[in-house]
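Here is the structure we will look at.
The values are calculated or read from the model by the stated rules, or taken from the named source; none is laboratory data. Owing to the predicted nature of the structure, the values given are computational and were not obtained by experimental measurement. So basically every Cβ, Gly included, is an ideal-geometry build from the backbone, and we count neighbours across all protein chains shown. To get the accessible areas, we keep the full protein, side chains included, count just its heavy atoms, and leave off ligands, DNA and RNA. Shrake-Rupley method; radii C 1.70, N 1.55, O 1.52, S 1.80 Å.
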Amino acid sequence: MLAGISMGAAAVAAAVLAGGGAHDPHDPPDPHGYRMRTDARFAPPEAFVPSAAVTYDKELVPAGAWIEVTQRTGLGGATTVGLRTKGLRPGHAYGVHVHQKPCAADPAAAGGHYQHEPSADPHHVTAENEVWLDFTADGHGSGTARAHHSWGFRRGEASSVVLHDEPGSKGARVACFTVPFGWVAGTA
């Protein structure tokens, strides 16, 4: 339990050190925008020392693989989310999306994709309405991706990044990283 608390505190500390507006959800947002950077090493759900990054498929996302997520949101709400990884399966194409809830031992716990315009209509499952960070790992298992949108996250509705076993809008969940995504006044 203490390790889990420490990992959460480390994620918030990373956001603050990056000049971010990491804050208690009941505090008002930072009036200058939001910047966050956080990273972790993947561990299986049953690991003795829990991690904010959980692997469900150790073939595609080995324990010890690394992930970094950044967020920059300006006062007007325009948001850029960046992703970097190391130690994944070389040459594999991954689908990556921002999800609504934090990670847990059950891959389904992260909920559905965050959508700017929430809808059950499959036509809204697009890279324009969601944050897609699909990439193919290079020969060393590293990958990068970036998504930019003119909109920002709604308060408390974006909580993780989920890696899927294939690019696009479908695919099995192979890993999850709980991320302290933020929001900016006037955008939520």
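Within region 119-150, can you find the residues that are farther than 22 Å from TYR94 by Cβ and modelled with pLDDT of 95 or more?
Correct list: SER150 only.
Just checking, how many residues over region 118-138 are of a type outside the set (Asp, Glu) and assigned to a loop (DSSP other than H, G, I, E, B)?
Residues meeting the conditions: 10.
For region 151-167, indicate whether the set of residues that are part of a loop (DSSP other than H, G, I, E, B), open to solvent by 50 Å² or more (accessible area, probe 1.4 Å), within 17 Å of VAL81 (Cα to Cα) and of a type in the set (S, T, N, Q) is non-empty.
So far as region 151-167 goes, no, none of its residues is part of a loop (DSSP other than H, G, I, E, B), open to solvent by 50 Å² or more (accessible area, probe 1.4 Å), within 17 Å of VAL81 (Cα to Cα) and of a type in the set (S, T, N, Q).
Any idea how many residues of region 118-139 are open to solvent by less than 20 Å² (accessible area, probe 1.4 Å) and farther than 14 Å from VAL96 by Cβ?
1
Is it fair to say ARG173 is within 24 Å of ALA52 (Cβ to Cβ), surrounded by fewer than 19 Cβ atoms within 10 Å (Cβ to Cβ) and within 16 Å of the chain's Cα centre (by Cα)?
Working: within 24 Å of ALA52 (Cβ to Cβ): yes; surrounded by fewer than 19 Cβ atoms within 10 Å (Cβ to Cβ): no; within 16 Å of the chain's Cα centre (by Cα): yes.
No; evaluated as a whole, the condition is false for this residue.
Go through THR70, THR38 for me and flag whichever is of a type in the set (Val, Ile, Thr) and over 16 Å from GLY152 (Cβ atoms).
Details: THR70 fails: over 16 Å from GLY152 (Cβ atoms).
After applying the criteria, what remains is THR38.
For ALA9, all conditions in the list (1) farther than 18 Å from ARG155 by Cβ; (2) at pLDDT below 95; (3) touching a Ser or Thr at 6+ places or on another chain (Cβ under 8 Å); (4) not β-branched (Val, Ile, Thr) hold save one; what is the number of the exception?
Only one criterion in (1) farther than 18 Å from ARG155 by Cβ; (2) at pLDDT below 95; (3) touching a Ser or Thr at 6+ places or on another chain (Cβ under 8 Å); (4) not β-branched (Val, Ile, Thr) is unmet by ALA9, namely (3).
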